[in-house]
Amino acid sequence: MKIVVCIKQVPARDSLLRINSPGTWIQDSDLSYEINEPDAYALEEGLQLREKHGGEVVVLCAAPSRASQTIREALAKGADRAIHLEYEPGMSPLAAAHFMARALEPEKPELVLTGLQSDDLGYGQTGVILAQILGLPHATIIMEVEKMEGRIRVKRELENGWFQHVEMPLPALLTIQSGIKKLRYATLMGIKKAKTKEVKKLTPSELGGQVQGAGIEVARVYLPERVKQAQLFEGDARQAAVRLVEKLRFEARVL
């Protein structure tokens with residue numbers, strides 16, 4: 001079973017983010033980077049499926065050259081080989097999906113796994129766009145995967161604690177929810193083996209050039225204004241509690 005896991009490199013979660021001088025994006029020269037957390041769970045699911053059913057896990061990373069460290073981390077955890085699609089930041093989900101699809105054409109995987117969304121931009125679009133371009137059936141927010149003969153059965157997370165079970169044919173694409181499995185650490189032996197594993201590098205020009213109409217232009221990035229507001233509820237405790245719940249539910253939208 002050939003499984004391709006798409007991963008992304010994002011700023012570390014404990015990074016101190018600053019806006020650059022033009023105000024168009026964050027200052028990235030002093031940031032540290034790590035694998036996108038939902039993608040780490042997609043990788044773990046792919047590794048466990050390979051351990052159970054055999055085959056290989058191929059990592060596909062569309063990112064600048066600095067992502068080589070993240071790719072080696074994925075290889076150290078157990079991926080068999082990697083494809084590094086090198087491009088500069090700012091590519092839209094549509095453009096990224098087109099280039100990833102072109103890179104996957106010769107691979108012909110049975111299963112493609114991506115994280116649900118990225119920790120930096122959070123579009124949640126690349127996986128489903130990639131499935132559309134590849135012409136694959138897909139399902140999102142996956143919590144469980146069971147392989148059967150020529151098919152898979154997946155468990156999707158819905159709202160309010162509900163789940164949906166879906167059967168679909170292979171090949172297919174799934175976007176994985178964080179927390180699906182317990183993440184593994186790279187072993188010392190895995191780190192040593194990662195140095196000898198294949199990393200195939202590709203560029204957009206080698207995959208047919210730019211995708212027309214697929215760019216994103218960021219006009220301005222700014223920090224949200226901090227606003228403090230106090231409200232006093234009159235009446236007894238029961239009445240005040242009812243009004244507080246209404247405010248939290250319909251205005252603050254935290255319930």
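Every read-out reported here was derived from the displayed coordinates using simple, explicitly stated rules and does not represent laboratory data. Computed from a prediction, not measured in an experiment: that's the story for all the values here. In this analysis, Cβ positions are derived from the backbone assuming ideal geometry, glycine residues included, and neighbour counts consider all displayed protein chains.
In deg cm²/dmol and to the nearest 500, what is the mean residue ellipticity at 222 nm of the chain if only DSSP H runs of at least 4 residues count, each as -39500 (n - 2.57), divided by the residue total?
Working: 6 runs with 69 residues, N = 255.
Mean residue ellipticity at 222 nm (helix-derived): -8500 deg cm²/dmol.
What does the net charge come to around ALA230 if you take all other residues with beta carbon closer than 15 Å to its beta carbon, with K and R at +1 and D and E at -1? Don't skip to the answer; put the middle values down first.
On the way: positive: ARG226, LYS228, ARG243, LYS247; negative: GLU234, GLU251.
After counting each charged neighbour, the total is +2.
What net charge do the residues around SER118 carry, taking every other residue with its C-beta under 11 Å from that of SER118, with Lys and Arg at +1 and Asp and Glu at -1?
Taking every other residue near SER118 into account, the sum is -3.
Using Cα centres only, tell me the gap between the range 122-179 and the range 219-247 in whole Å.
First find each Cα centre; the distance between them is then 38 Å.
With every atom except the alpha carbons ignored, what do you get for Rg and Dmax of the chain, in angstroms?
In Å, with Rg to one decimal and Dmax whole: 21.2, 71.
I want the local charge near LEU31. Using Cβ-Cβ distances under 12 Å, sum +1 for each Lys or Arg and -1 for each Asp or Glu among the other residues. Please report the intermediate quantities before stating the final value.
Values: positive: ARG13, ARG18, ARG66; negative: ASP14, ASP28, ASP30, GLU34, ASP120.
My count for the surroundings of LEU31 gives -2.
Which FRET efficiency value, to the nearest 0.05, do you get for VAL254 and LEU158 by plugging their Cβ-Cβ distance into 1/(1 + (r/R0)^6) with R0 = 22 Å? Please report the intermediate quantities before stating the final value.
Working: r = 20 Å, r/R0 = 0.93.
Calculated transfer efficiency: 0.60.
Given a Förster distance of 45 Å, report the FRET efficiency between ALA186 and HIS165 from their Cβ-Cβ distance, rounded to the nearest 0.05. Spell out each step's value before the answer.
Working: r = 33 Å, r/R0 = 0.73.
Computed FRET efficiency for ALA186 and HIS165 comes out at 0.85.
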